[in-house]
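Asks: Take this structure first; my questions come after.
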Amino acid sequence: MQAPYQQMLILVAAGFDEQLVTHWTVSRHQLGLAVTLVGLAAGTARDRHGLRLKVDRTLETLPPERAVLVLLPGESGYVYQVLQDPRVHRLLREVVAAGGTLYTCAPRLLEGVDLPVQPAQALAMADEQENS
């Protein structure tokens, strides 16, 4: 089964939800989708329990992408934190302009930034429909 998008970016920063990252990485790979873990900085990011995850790329080293999914994997505190970085806003605007889609567990936090966003649960429901 082929996914409608060929690339998924998962933004990992301090406090990310490791269960969401694991779930979406595995499920996207099963659909043949490339997944890139993107950090605010090079090296590793600590999840909400202190585990470290090595990022594949930083915001500065991302190549230009077309029609990608972007997941902000965490609850409202995490999403609020990453939205403080202007580079994240720039990435999200570029993704939307290229026809991509944003998913988060805290969509209300993005209401004020004038970007279309979907709850992460919508991505899970779409997967269930595709697999049934």
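Just so you know, all these numbers are worked out from the coordinates, no wet-lab data involved. Since the model is a prediction, treat every value here as computed from it, not as a measurement. For neighbour counting, all protein chains shown are included, and Cβ atoms are generated from backbone atoms with ideal geometry for every residue, glycine included.
Asks: Can you pull the percent of Cα pairs in the range 1-55 with separation above 15 Å?
Replies: 46
Asks: To continue, here is another question. Compute the FRET efficiency between THR58 and ALA122 as 1/(1 + (r/R0)^6), taking r as their Cβ-Cβ distance and R0 = 35 Å, and round to the nearest 0.05.
Replies: Calculated value: 0.80.
Asks: Return TYR78, TYR103 ranked ascending by Cβ neighbour count within 10 Å, so the fewest neighbours appear first.
Replies: TYR103, TYR78
Asks: Quote the charge dipole size of the range 1-107 about the Cα centre in Debye, to the nearest 20; the model charges only the Cβ of Lys and Arg (+1) and of Asp and Glu (-1).
Replies: Values: 10 positive and 9 negative charges, 25 e Å.
Computed about the Cα centre, the dipole is about 120 debye.
Asks: Using a Gaussian network model on the chain with a 10 Å cutoff between Cα atoms, which of ASP56, ASP47, ASP114 fluctuates the most?
Replies: ASP114
Asks: Return the sequence-ordered ³J(HN,Hα) values of the range 92-104 in whole Hz as given by the Karplus equation 6.51 cos²θ - 1.76 cosθ + 1.60 applied to θ = phi - 60°, using x for Gly and Pro.
Replies: 4, 5, 5, 5, 5, 4, 8, x, x, 10, 9, 10, 7
Asks: Short version: ³J(HN,Hα) in whole Hz for each residue of the range 74-90, in order, from phi by Karplus 6.51 cos²θ - 1.76 cosθ + 1.60 (θ = phi - 60°), x for Gly and Pro, what are they?
Replies: x, 7, 4, x, 5, 4, 4, 4, 5, 6, 6, 8, x, 5, 5, 4, 4
Asks: Would you please classify the overall shape of the chain from the alpha carbon gyration tensor, given that a ≥ b ≥ c denote the square roots of the eigenvalues, rounded means a/c under 1.5, and beyond that prolate means a/b larger than b/c while oblate covers the rest?
Replies: Working: a/c = 1.31, a/b = 1.19, b/c = 1.10.
Judged from the Cα gyration tensor, the chain comes out rounded (a/c under 1.5).
Asks: Another question about this same structure. Pulled fully out, how much extra length does the chain show between ALA14 and GLU111, if you take 0.36 nm times their separation in residues and subtract their Cα-Cα distance?
Replies: 32.7 nm
Asks: Something else: Considering only the range 7-123, what is the antiparallel percent among its DSSP beta bridges, to the nearest 5? Mind dumping the intermediate values first?
Replies: Working: 3 of 22 bridges.
The antiparallel fraction comes to roughly 15 percent.
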